[in-house]
1. I'd like to compare 30-39, 46-55: which one has the highest average count of other Cβ atoms within 10 Å, and what's the full order after that?
2. Taking amide H positions as placed in the peptide plane 1.01 Å from N, state which residues far from F46 in sequence (5 or more) or on other chains have amide H under 5 Å from it.
3. Treat the range 41-81 as a sphere of radius equal to its Kirkwood radius over Cα pairs and apply Stokes-Einstein at 10 °C in a medium of 1.306 mPa s; give the translational diffusion coefficient in µm²/s, rounded to a whole number.
4. Which value, in debye to the nearest 20, gives the size of the charge dipole of the range 41-81 about its Cα centre, when Lys and Arg are +1 and Asp and Glu are -1 at the Cβ?
5. Length gain on complete extension for the stretch A57 to Q28, per 0.36 nm per residue less the alpha carbon to alpha carbon distance?
6. Residues of the range 19-49 with backbone nitrogen within less than 18 Å of a virtual label 7 Å along the Cα-to-Cβ line of K72, please, listed as ranges.
7. For the range 28-38, what does the Karplus curve 6.51 cos²θ - 1.76 cosθ + 1.60, with θ = phi - 60°, yield as ³J(HN,Hα) per residue in whole Hz, taken in order and with x for Gly and Pro?
8. I need the phi-derived Karplus couplings for the range 57-73: 6.51 cos²θ - 1.76 cosθ + 1.60, θ = phi - 60°, integer Hz, Gly and Pro marked x.
Amino acid sequence: MATQHSMSAGQDAASRFRAPQDGLWTVQQIRNLLMDLGDRTAQFRFLVRDRAGQFTASFDALLTDAGIAAVKIPPEALARTPSQSGSC
């Protein structure tokens, strides 16, 4: 049985960085990640992401070119996510 790998990109992961998180910055970050992964990129089939504005069509196109499908979480999933304080 083959092992499937996935990645997750979202507001929580991006918030660790201090740089402005606009579309251009996010596209550059995915370029950097794909270059760092090199041949290991083929091990990933999906990248699960939220629907934030910094994830542009260019971001998704880079993933598609690398053979990775960008999966957007449903909008209603955010409404069911507990707040960062730990309460619903």
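1. Values: 30-39: 12.8, 46-55: 17.2.
Top to bottom by mean Cβ count within 10 Å: 46-55, 30-39.
2. Placed amide hydrogens put M7, A69 under 5 Å from F46.
3. On the way: Rh = 11.0 Å.
So the translational diffusion coefficient is about 145 µm²/s.
4. Details: 5 positive and 4 negative charges, 25 e Å.
Around 120 debye, computed over the range 41-81.
5. On the way: separation 29, 0.36 × 29 = 10.44 nm, distance 1.30 nm.
Value of the extension gain: 9.1 nm.
6. So the set is 22-24, 26-27, 46-49.
7. Going residue by residue, I get 5, 5, 6, 4, 4, 4, 5, 5, 5, 5, x Hz, with x marking Gly and Pro.
8. Working through the residues one at a time gives 4, 5, 4, 5, 5, 4, 5, 4, 4, 8, x, 10, 8, 7, 10, 8, 5 Hz.
Since every read-out is calculated from the coordinates, none of them should be taken as a lab result. From a predicted model like this one, the values you see are computed outputs, not experimental measurements. For neighbour counting, all protein chains shown are included, and Cβ atoms are generated from backbone atoms with ideal geometry for every residue, glycine included.
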